[in-house]
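Quick notes on the structure that follows.
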Amino acid sequence: MAIPAEPSKGSIAIDHAFVVRFVQALDERLSDAETFLTELDAAIGDADHGTNMTRGLHAAVIDLEAAPDRGVAAAFAEVGRSLIRAIGGASGPLYGTVFATLGRTLPQGGPVDARALAAGLREALDAVQRLGAAVVGDKTMVDAIAPGVAELERRLGHGHDLATALDGATRAAHEGATATTPLRARKGRASYLGVRSEGHQDPGASSSALVFDALHAAASSPGTSADALLP
Amino acid sequence: MIQSVDRAISILMELQGARRLSLTELSARLGLAISTVHGIVATLVARGLVEQDSAGHYALGAGVLRLGNVYLDSNELRLRSVPWAETLAERTGYAARVGVLMGGTVLVLHHALRPDGSRQMREIGVDLPAHGTALGKALLAYHPAPRTPLSEVAPLRRLTGRTVVELAELEREFAAIRVEGIAHAEDEIVLSESEVAAPIVDDTGVSVGAIGVVLPTTELPAERATIDAVRNAAIGISRELGATTWPGVAPSD
């Protein structure tokens, strides 16, 4: 097993346990938002985004909690496999790609620093854009992830710690998701509706914003991994 | 063009997009005086094409549903296709769609839902980019000049990372479709969704529509039975339309 690097004072280790906390937090947030996401999807999709996402994250939590600690990259890769298998529809490969890309591009083995995580998220965004041929403004998950990653990079560049940077990134991602409402969908099934897709917030952008919430939670409360297992 | 008729149609189109608009919003969108718009919209309300809710906002009225239904009911291809599409969905377990080519897009005339009881978007009346769907490819493969309809929507849009947007590559696909009369699409319009489709031919040998199924990409390659069911449905509808040959006349080069 790799020897964990000593995290610098005041910063948080981005390691296997971080991924566990992150995925647990995402599972919680998606469960809370399940009805909301399904309602959004009922307007411009198949009304299954909420249930697909909670099914996927429940599976990811179970798989990851059973997986040995092989480092942060391996943990993300494990989650990617769970999500591709369990989510289904278009969201399975898209969310799976986010995590699989983190697993592939982060330094293997030991923990990584905040800049490496941001670089991994940038790679994940690029991979999602290649898979879906989507750009900002197409009314997709890219509309939340792109501003989220950009704000994370900007704040880390200004010397903010990870939790503070993710706090800003979360707000940017949610603003991005909200800003999809007036847009006409240009990708995915919602694009079938053409002009009728206007006036509805994109479900994929909405769930993607919660990814930043969960990252922020994982970066802010290093004790919750064990606590979350208590009844 | 009659100006007031044109404006009335613009109002209907704006309401299609925004769904609910106040008189002020409607006027701003059309760039017209409130009094002008009020006169037209009041007429549309009186004739049932537009409705006004309790908050005073305007929305499309029940009258447009009646008009749309008449369009669907009077389309002979659709009339003939509906029972075949429903049977195709039941037999294969997949959603079945029937479409016609309108320029570079496929208009979905009928959508038989996947028979698994799940909630699904109703796709009747939607426009699909022809180059991104097996329905469109089946139609374009037997079109006398496939580049003409495609030129109307050029440059061809990528709907996913796997959408084919190069004309030369599409034409190679069309040639392959003409070998068996079956068109395939894999993750090309929506990720995780793939299709098998076949052309519908009328009594003059012209392909007038297409029928196909939508299956999860994880279930590829499509089973022989699925492909046969699509082909049989296409031949069955074509026969009812008076066709004596199938899959139709190939374009002359």
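The values are calculated or read from the model by the stated rules, or taken from the named source; none is laboratory data. What you see is a predicted model; the values in this text were computed from it and never measured. Neighbour counts run over all protein chains shown; Cβ positions are idealised from the backbone, glycine included. Calculation scope for accessible area: heavy atoms of the full protein, side chains included, ligands and nucleic acids excluded. Shrake-Rupley method; radii C 1.70, N 1.55, O 1.52, S 1.80 Å.
A few remarks follow.
- Residue satisfying condition, being at negative phi, of a type in the set (A, V, I, L, M, F, W, C) and modelled with pLDDT under 95, within set B:Ala145, B:Ala134, B:Ala138: B:Ala145
- Filter pass, A:Ala185 being open to solvent by less than 20 Å² (accessible area, probe 1.4 Å) and over 16 Å from A:Val211 (Cβ atoms): yes
- Selected residue (criterion: most open to solvent (accessible area, probe 1.4 Å)) from residues of segment A:36-87 that are within 14 Å of another protein chain (Cβ to nearest Cβ) and polar (S, T, N, Q): A:Thr51
- Flag for A:Val98 being within 11 Å of chain B (Cβ to nearest Cβ), under 14 Å from the mean Cα position of the chain (by Cα) and open to solvent by less than 20 Å² (accessible area, probe 1.4 Å): no
- For segment B:94-123, the candidate set comprises residues that are in contact with a helix residue (DSSP H, G or I) (Cβ under 8 Å, 6 or more places away or on another chain) and open to solvent by 50 Å² or more (accessible area, probe 1.4 Å); within that set, the residue that is farthest from the other protein chains (Cβ to nearest Cβ) is B:Pro115.
- Test for B:Glu51: is it of a type in the set (Asp, Glu) and part of a helix (DSSP H, G or I): no
- If the condition is being under 12 Å from A:Thr140 (Cα atoms), open to solvent by 10 Å² or more (accessible area, probe 1.4 Å) and either polar (S, T, N, Q) or at pLDDT below 95 (or both), then segment A:158-182 contributes A:Thr178, A:Thr181.
- Hey, B:Leu156 open to solvent by 10 Å² or more (accessible area, probe 1.4 Å), touching a helix residue (DSSP H, G or I) at 6+ places or on another chain (Cβ under 8 Å) and free of Cβ contacts under 8 Å to residues at least 60 places away in the same chain or not: yes
- Whichever residue in segment A:116-137 is surrounded by fewer than 24 Cβ atoms within 10 Å (Cβ to Cβ) and part of a loop (DSSP other than H, G, I, E, B) and, among such residues, is nearest to the other protein chains (Cβ to nearest Cβ): A:Ala133
- Of the residues making up segment A:92-132, those that are aromatic (Phe, Trp, Tyr) and without any contact (Cβ under 8 Å) to a residue 12 or more places away in the chain number 0.
- Sole exception among (1) open to solvent by less than 40 Å² (accessible area, probe 1.4 Å); (2) modelled with pLDDT under 95 for A:Ala214, by number: (2)
- In segment B:25-48, of all residues being small (Gly, Ala, Ser) and assigned to a helix (DSSP H, G or I), the one that is surrounded by the most Cβ atoms within 10 Å (Cβ to Cβ) corresponds to B:Ser27.
- Given (1) surrounded by fewer than 24 Cβ atoms within 10 Å (Cβ to Cβ); (2) in contact with a strand residue (DSSP E or B) (Cβ under 8 Å, 6 or more places away or on another chain); (3) within 14 Å of chain B (Cβ to nearest Cβ), number of the condition A:Ala90 does not satisfy: (1)
- Residue match in segment B:131-144 (condition: in contact with a Pro (Cβ under 7 Å, 6 or more places away or on another chain) and either free of Cβ contacts under 8 Å to residues at least 12 places away in the same chain or surrounded by fewer than 23 Cβ atoms within 10 Å (Cβ to Cβ) (or both)): yes
- Single unsatisfied condition, A:Gly148 versus (1) open to solvent by less than 20 Å² (accessible area, probe 1.4 Å); (2) farther than 28 Å from B:Ser192 by Cβ: (2)
- Listed by position, the strands (runs of 3 or more DSSP E) enclosed by segment B:145-245 that each have at least 1 residues that are within 14 Å of chain A (Cβ to nearest Cβ) and of a type in the set (Gly, Ala, Ser) are B:193-201.
- Filtered residue count, segment B:49-74, keeping only those that are within 26 Å of B:His110 (Cβ to Cβ), in contact with a Gly (Cβ under 9 Å, 6 or more places away or on another chain) and open to solvent by less than 80 Å² (accessible area, probe 1.4 Å): 7
- Residues of segment A:156-212 that are more than 14 Å from chain B (Cβ to nearest Cβ), touching a His at 6+ places or on another chain (Cβ under 9 Å) and not in a helix (DSSP H, G or I): A:Thr180 alone.
- For A:Asp113, the requirement of being within 14 Å of chain B (Cβ to nearest Cβ) and acidic (Asp, Glu) is not met.
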